[in-house]
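Each remark here refers to the structure printed beneath this line.
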Amino acid sequence: MTQTHFHTCTLCEATCGIAVTVDGDRVVDIRGDEDDPFSRGYICPKATALADLRHDPDRLRRPVVREGGDWREVEWDEAFDLVGRRLGEIRSAHGPDSLAVYQGNPSAHNLGLLTYGQLLFRNLGTRNLFSATSVDQLPQMLASYLMLGNQVLMPVPDVDRTDLFVCLGGNPAVSNGSVMTAPDIRARLKAIRARGGQVVVIDPRRTETAALADRHLFLRPGTDVLLLLSMVQVIFAEDLVRLGRLWRHVSGVDALRSAASGFPPEATAAVTGVAPEEVRRLARSLATTPRAVLYGRVGICTQEFGGLAAWLVLAINVLTGHLDEPGGPMFTSPAVDMVPLVAMTRFRGSFGRWHSRVRGLPEFGGELPVAVLSEEIETPGRGQIRALITSAGNPVLSTPNGARLEKALPGLDFMVSIDPYVNETTRFASVILPPTVHLERSHYELALANYSVRNVAKYSPPVFERGDDQRHDWEICVALAARLLSRAAGVARWLPPESMLDLWLRTGPYGLRRGLGGLSLSRLKKRPHGIDLGALEPRLPGRLGFRSRRINLAPRPYLDDLPRLRGRLTRADSLVLIGRRQLRSNNSWMHNSSRLVKGKPRCTLLMHPDDAASRGVADGDRVELSGAAGAIEVPVEITEEMMPGVVSLPHGWGHARPGVKLAVASAHPGASVNDVTDEHFVDALTGTAALSGVPVQVKADTESRRG
Ligand SMILES: Nc1nc2c(c(=O)[nH]1)N[C@H]1C(S)=C(S)[C@@H](COP(=O)(O)OP(=O)(O)OC[C@H]3O[C@@H](n4cnc5c(=O)[nH]c(N)nc54)[C@H](O)[C@@H]3O)O[C@H]1N2
Ligand SMILES: Nc1nc2c(c(=O)[nH]1)N[C@H]1C(S)=C(S)[C@@H](COP(=O)(O)OP(=O)(O)OC[C@H]3O[C@@H](n4cnc5c(=O)[nH]c(N)nc54)[C@H](O)[C@@H]3O)O[C@H]1N2
Ligand code: SF4
Ligand SMILES: [Mo]
């Protein structure tokens, strides 16, 4: 007997509805849920791999303890007691900062980790909290904090109503959109052009999104800040500033004008590669198109001037009057609304409250940049990290100079990983606590519903009930909290995260108290395909975090960072590296699904024909790619889609490492780009890793070519 259940794919931010057909405890089919009002049946090839995750023989189902080179299965309570005892001992002997935490990307979709995970990790009392934020969206959160007064108040492009979508450092046609939850983004981008609007892509590679666009401009990696300053200069010089409805609430206009005045397009074109007339055209069309949005994403964040670039993207949207207007960057009205939930708390944001011990990089939102993790483990002294908890992360493959981290991890006194796999990172753990996987737990998109192009709400119960021998992420976190947090120790019974969700729904904007459908968990459960709560609506100035109800266009930390640009204007790197995402790949952790890795090897270095010719490299050759941190060997694909002087390699590969228990991934290993990226190459303002624009060399590998 087969049965069909409705759920949501969370492998990326698009949150597509899925219909999962099961026979007993097997998945027999996963397809798009035609009745999901948001995704309307759309899925990409990754959704079906959720079945592979469920059935993967390599996946751990019970806790394991490392014994020499081997793993021994233990009972859950034995594992929890061991972890509680060892972490407790280390904390007593060396203080709370001797414990560190790294939280990875899948945490963002995980109700249990967003509730009890946060509760556990944030209350350990350590300053050594790390996450994927500092290899990702940190600069965008900082801009929201410094300019709008709340780090979670990040705007979302209103793609469905815009007439001009300018995409800087994002490739939504492949990533399926980020800080822009929008199932079937390709169709939404095509619709812009179909209604007479325009899509413009600015990217060092002519991407899959560029293929859908009216125009593509090449830009030298890491120079967005100069392009953006020139656009600001033009907007002021040509009298194109239109603050619109929010004019009373905007401060810092003059300071922004003078900050940009020294950067006319003629002064930056040689460095950015964008011609002055293109900069002017871009600034004018953004300023004069009534419904327009400048969208910046991971490419503008993970680079040397990520902080400044994220500031200027938001500032330009304000200057041109598009922020919080239909077709512009807007704010959501989600059923569980993070903005008021965090407004009165520390989660509203913080910056530079403390600095990392060894290198002095700043805290942001209670976390330190992960680029300092290795040195904080290696460097003796007070506050040295001696124990590490990783949760839903794989920093050996996903953070700069992973090779150094991989050498540092064995030096820890203790490490515990909450993760279903023995992978490149967790193989160093003393104990691995494997949670249930996606289809085995309930789902509500607590965080990402705040960054969605429509207001939507959806709850899915688990497709499969967890086995008695399994634990959810939240149960693991609760068990550890009971052993590690004194305040928590007295609490005998914990409520499941659903209870918190229900409370938030009921007290939220659509909850019982305010009428309007009276949303609650039980009402949501009756609508298994989800509920559409309508298009985005103007939310400012009400949501601004500053008591003054102001948007600050010129926060001090940015102005103080500008002098650093002088060095950039005079530097010329001969060859720089950028990343690349691929439709069948999901960061580092879905390569154990045969259906996603089959076909040609994908961990290839893209290179422009001129760069290849000058190095004597032919298509398909294996080359040595080296940077400050180290060297790897990869095959080359020669293509004119690359800007000359720029090469591109995807991240998340490099599975041929001893001890990794991923049979399929290890047979399609690729090499890790983060063995080449440099942990010292960061945005000095924010500490965000500069994974783009990394200076590299490529050498023809004559040995392997012969072989
Ligand atoms: N060079 C370069 N490096 C990059 C990037 C880049 O563009 N270029 N991108 C960066 C970005 S944007 C990100 S977000 C990071 C991602 O970096 P990470 O978050 O560190 O890495 P992931 O590959 O997402 O690893 C996810 C881990 O979570 C586990 N996992 C999956 N689901 C669950 C779950 O439900 N519960 C638990 N407990 N564990 C689970 C998986 O087995 C895997 O070990 O990589 C960054 N690194
Ligand atoms: N299929 C798939 N989808 C994913 C993921 C995945 O691994 N695979 N990862 C998910 C995650 S964790 C995230 S954070 C999102 C990210 O979503 P996006 O931000 O859309 O990510 P990318 O596809 O990496 O796009 C970044 C773009 O920036 C360009 N770029 C690089 N350097 C620069 C620069 O200096 N300036 C400019 N202007 N552009 C530059 C790159 O060429 C690339 O086209 O994707 C998510 N979706
Ligand atoms: S685009 Fe693909 S990976 Fe992303 S949520 Fe939809 S089906 Fe899942
Ligand atoms: Mo990410």
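Summary table
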quantity	calculated
Shape of region 1-55, Cα gyration tensor, a/c cut at 1.5	oblate
Rounded to 5, the percent of DSSP beta bridges in region 588-707 classed as antiparallel	80
Interatomic Cα distance distribution for the chain, bins of 20 angstrom, percent	18, 54, 27, 1
Region 527-601 - Rg (one decimal) and Dmax (whole number), Cα, Å	23.1, 59
Burial order of peptide ranges 309-320, 187-198 (average beta-carbon count within 10 Å, highest first)	309-320, 187-198
Efficiency of FRET between Thr639 and Asp469 - r from beta-carbon atoms, R0 56 angstrom, step 0.05	0.70
Where Asp675, Asp97 fall by accessible area, highest first, once all protein chains stay in place (1.4 Å)	Asp97, Asp675
Cut-off 17 Å (backbone N to label point 7 Å along Cα→Cβ of Ala656), residues of region 416-448	424
Unit charges at the beta carbon, dipole of the chain: most positive-side option, Pro57, Ser648, Leu256	Leu256
Residue-by-residue Karplus 3J(HN,Hα) for region 199-204, coefficients 6.51, -1.76, 1.60, Hz, glycine and proline x	10, 10, 10, 10, 6, x
For Met330, residues with placed amide H under 5 Å, excluding near neighbours	Val156, Asp158, Asp324
Lysine pairs within the chain, Cα separation less than 30 Å, 8 or more sequence positions apart or different chains	18
Asp214 versus His55: modelled label distance in nm, points set 7 Å from Cα along the beta carbon direction	4.8
Kyte-Doolittle mean at least -1.0, axial Cα span of 20 Å or more - DSSP H helices of the chain	76-94
Counting DSSP beta bridges with both ends in the chain, the antiparallel % (nearest 5)	50
Sites excluded, GluC sites (Glu not before Pro) in DSSP loops with at most 11 other C-beta within 10 Å, longest stretch of the chain	76-639
Cα gyration tensor shape of region 424-579, rounded if a/c is under 1.5, else prolate or oblate by comparing a/b with b/c	oblate
Cα-based convex hull volume of region 114-188 per residue, rounded to whole Å³	138
Normalised convex hull volume, region 629-694, alpha-carbon set, Å³ per residue	129
Those residues of region 415-434 whose amide nitrogen sits under 16 Å from the label point placed on Glu73, 7 Å along Cα→Cβ	420-422, 432-434
Computed [θ] at 222 nm, helices only, for the chain once each DSSP H run of length n ≥ 4 contributes -39500 (n - 2.57)	-7500 deg cm²/dmol
Net length gained if the chain between Asp239 and Ser574 were fully extended (0.36 nm per residue, minus Cα distance)	116.8 nm
Hydrodynamic radius (Kirkwood) for region 324-406, which is based on Cα pairs only, to one decimal in Å	15.8
Separation of alpha-carbon centers, region 183-242 and region 78-113, rounded to whole Å	43
Gain in span if fully extended, Glu624 to Arg527, counting 0.36 nm per residue against the direct Cα distance	29.5 nm
Ratio Rg/Rh, restricted to region 52-155 and using Cα atoms, in which Rh is the Kirkwood radius	1.05
Pairwise Cα inverse-distance average, inverted: Kirkwood Rh of region 74-130 (Å)	12.5
Mean separation of Cα contacts under 8 Å, 6 or more apart, over the residue count of region 470-599: relative contact order %	8
Test item: Cα-centred dipole of the chain, Lys/Arg +1 and Asp/Glu -1 on Cβ, debye	1680
For region 337-496, convex hull volume per residue from C-alpha positions, Å³	173
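The values are calculated or read from the model by the stated rules, or taken from the named source; none is laboratory data. All values reported here derive from a predicted model rather than from experimental measurement. Here Cβ is always computed from backbone atoms with ideal geometry, including for glycine, and neighbour counts include all displayed protein chains. Only protein heavy atoms, including side chains, enter the accessible area calculation; ligands, DNA and RNA are left aside. Shrake-Rupley method; radii C 1.70, N 1.55, O 1.52, S 1.80 Å.
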